[in-house]
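**Q** Here it is: the structure, laid out below.
The values are calculated or read from the model by the stated rules, or taken from the named source; none is laboratory data. Computed from a prediction, not measured in an experiment: that's the story for all the values here. A quick note on method: Cβ atoms are made from the backbone with ideal geometry, for glycine too, and the neighbour counts reach across all protein chains shown. With ligands, DNA and RNA removed, areas are computed over all heavy atoms of the protein, side chains included. Shrake-Rupley method; radii C 1.70, N 1.55, O 1.52, S 1.80 Å.
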Amino acid sequence: MGDKTEEPKQTNENLNVLVSTQAVIQEALNKLGYPEEVYELMKEPLRMLTVRIPVRMDDGSVKIFTGYRAQHNDAVGPTKGGIRFHPNVTEEEVKALSIWMSLKSGIVDLPYGGGKGGIVCDPREMSFRELERLSRGYVRAISQLVGPTKDIPAPDVFTNSQIMAWMMDEYSRIREFDSPGFITGKPIVLGGSHGRESATAKGVTICIREAAKKKGIELEGARVVIQGFGNAGSFLAKFMHDAGANVIGISDAYGALHDPDGLDIEYLLDRRDSFGTVTKLFKDTITNEQLLELDCDILVPAAIENQITAKNAHNIKAQIIVEAANGPTTMEATKILSERGILLVPDVLASAGGVTVSYFEWVQNNQGYYWSEEEVERKLEEIMVRSFENVYQTSHVRQVNMRLSAYMVGVRKLAEASRFRGWV
Ligand SMILES: NC(=O)C1=CN([C@@H]2O[C@H](COP(=O)(O)OP(=O)(O)OC[C@H]3O[C@@H](n4cnc5c(N)ncnc54)[C@H](O)[C@@H]3O)[C@@H](O)[C@H]2O)C=CC1
Ligand SMILES: O=C(O)CCC(=O)C(=O)O
């Protein structure tokens, strides 16, 4: 399968993640037999807040940042989803990310709808104190819309447990009581859960293991390529390495590293910075585009959107693609990969380990009783295996690819809850 590398194709492909997500949602609802009004309800978030956040910079100037919080649908329960700090954040991207959160919660069966936030900024260029002021300013700006029973944020690209701690502290000050359940992904000492930091990668690892079984591929010695070396990508590299797989390629925003004999993962983990950057330390690098087309068994995009497109889908060599990132593969590429017989485990299933352990964190905060790491991992394992099997079997029974079957599984609970509430 696919040893030959084709010339990049010129395409007029749609790269708008909101538009492409809407198309798959519509297809899923049609297949399930729901009327058009259900799609009309689902195609956009119920609420979308845009905020402007003034931040005093270290040089004394004031900079105004734009931020968003989207709440897709709260028919099932409060909305939930991460906050992204990235220069390319857009309103449409945040909307799509909130829809994906609804689907994830439906797939792993959590009592949530989807939410997502983002701030247009580059935290790599900001000081620690500037980041604190920005994080607190964002919470002040969205505080009326969010809360432990309304909308519960968490980390995403370029945000981490320190940022969650500042946000929790700011929210608690505004409300005048300690509110650990306002946000998840916190440091353990502030009510964070064991296993949350590695949860997204754990969930991806379980999906890789289950997908490899379906394809008859042994994980021991399998060649794995991972795009992105942040929270999701770096923990995944470790778990793959520990499972005896051969991680032959990794990347960050600045480039990629390749060694057909296997990279020194322990060394790379030791040298990466808090933004998941490591390739700057090396002279001998390849590009992210080259990384995706490397000869390997398992490919894991764990960085940003629109990485596998109609341009490069024909040149992907992996037999299994497991999407740790949100939206890394376009819909046209999904079709090409599925026609080529490549097993693609979609983002809304594969990356749902993060929100699952965030849910455990929120439950622990609400009850004030904390679980051991073993308990968290056992519960996560059970949920991920069951969800993988459900989506996989649905794809077989309905004769659709796993992205469409995941959307069908994910959207059903939301549609039913909206119907029982009398919304549609
Ligand atoms: N952190 C979490 O719990 C979850 C994360 N995800 C998704 O996983 C993906 C990665 O998120 P995290 O690991 O949390 O972020 P992170 O901020 O920890 O790491 C991001 C990584 O992507 C790289 N990157 C950024 N821009 C890039 C570009 N243009 N090209 C190539 N690489 C680039 C960075 O250098 C870094 O290595 C995102 O799509 C995120 O939405 C999904 C579910 C949960
Ligand atoms: O942990 C959470 O609540 C959300 C994680 C997230 O943002 C995601 O799955 O994309």
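**Q** Any idea how many residues of the stretch 32-58 are loosely packed, with under 15 Cβ neighbours inside 10 Å, in a helix (DSSP H, G or I) and touching a helix residue (DSSP H, G or I) at 6+ places or on another chain (Cβ under 9 Å)?
**A** 1
Here is a yes/no grid of residues against (1) more than 25 Å from residue 314 (Cβ to Cβ); (2) loosely packed, with under 15 Cβ neighbours inside 10 Å:
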position	(1), (2)
260	no, yes
264	yes, yes
268	yes, no
276	yes, no
282	yes, yes
287	no, yes
291	no, no
294	no, no
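**Q** State whether one or more residues within the stretch 97-116 are surrounded by fewer than 19 Cβ atoms within 10 Å (Cβ to Cβ), within 21 Å of residue 418 (Cβ to Cβ), at pLDDT 95 or above and small (Gly, Ala, Ser).
**A** No: zero hits.
**Q** If a residue has to be within 13 Å of the chain's Cα centre (by Cα), closer than 19 Å to residue 395 by Cβ and part of a loop (DSSP other than H, G, I, E, B) to count, how many in the stretch 301-326 make the cut?
**A** So the answer is 1.
**Q** What's the number of the condition residue 153 fails, among (1) open to solvent by 10 Å² or more (accessible area, probe 1.4 Å); (2) over 25 Å from residue 391 (Cβ atoms); (3) within 16 Å of ligand 2 (Cβ to nearest atom)?
**A** Failing condition for residue 153: (1).
**Q** Another question about this same structure. Looking at (1) more than 12 Å from ligand 1 (Cβ to nearest atom); (2) at negative phi; (3) out of contact with any Leu (no Cβ under 6 Å at 6 or more places or on another chain), which one does residue 118 not meet, given that it meets all the others?
**A** (1)
**Q** Under the condition of being among the aliphatic types (A, V, I, L, M) and open to solvent by 20 Å² or more (accessible area, probe 1.4 Å), which residue from the stretch 341-382 is farthest from ligand 1 (Cβ to nearest atom)?
**A** Residue satisfying both the conditions and the ranking: 343.
**Q** How many residues are in contact (Cβ under 8 Å) with a residue 40 or more places away in the chain and in a strand (DSSP E or B) if we restrict to the stretch 275-300?
**A** Result for the stretch 275-300: 3.
**Q** Another question about this same structure. What residue, of 395, 387, is open to solvent by less than 20 Å² (accessible area, probe 1.4 Å), free of Cβ contacts under 8 Å to residues at least 24 places away in the same chain, part of a helix (DSSP H, G or I) and not acidic (Asp, Glu)?
**A** Exactly one of 395, 387 is open to solvent by less than 20 Å² (accessible area, probe 1.4 Å), free of Cβ contacts under 8 Å to residues at least 24 places away in the same chain, part of a helix (DSSP H, G or I) and not acidic (Asp, Glu), namely 395.
Each row is one residue, and each column tells you yes or no for (1) under 20 Å from residue 293 (Cα atoms); (2) in a helix (DSSP H, G or I); (3) open to solvent by 30 Å² or more (accessible area, probe 1.4 Å); (4) not aromatic (Phe, Trp, Tyr).
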{"position": "185", "(1), (2), (3), (4)": "no, no, no, yes"}
{"position": "205", "(1), (2), (3), (4)": "no, yes, no, yes"}
{"position": "221", "(1), (2), (3), (4)": "yes, no, yes, yes"}
{"position": "236", "(1), (2), (3), (4)": "yes, yes, no, yes"}
{"position": "239", "(1), (2), (3), (4)": "no, yes, yes, no"}
{"position": "250", "(1), (2), (3), (4)": "yes, no, no, yes"}
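**Q** Can you say whether residue 405 is closer than 22 Å to residue 33 by Cα, open to solvent by less than 30 Å² (accessible area, probe 1.4 Å), touching a Lys or Arg at 6+ places or on another chain (Cβ under 8 Å) and of a type in the set (S, T, N, Q), as far as the supplied structure shows?
**A** yes
**Q** So which residues in the stretch 362-380 are closer than 9 Å to residue 194 by Cβ and either touching a Lys or Arg at 6+ places or on another chain (Cβ under 6 Å) or hydrophobic (A, V, I, L, M, F, W, C) (or both), if there are any at all?
**A** 371, 376
**Q** Please verify whether residue 347 is within 14 Å of ligand 2 (Cβ to nearest atom) and among the acidic types (Asp, Glu), treating the condition exactly as stated. Before the answer, list the steps.
**A** Values: within 14 Å of ligand 2 (Cβ to nearest atom): yes; among the acidic types (Asp, Glu): yes.
Judged against the criteria, residue 347 is a match.
**Q** Oh, and also: Would the stretch 169-178 turn up any residue that is surrounded by fewer than 20 Cβ atoms within 10 Å (Cβ to Cβ) and of a type in the set (Ser, Thr, Tyr)?
**A** yes
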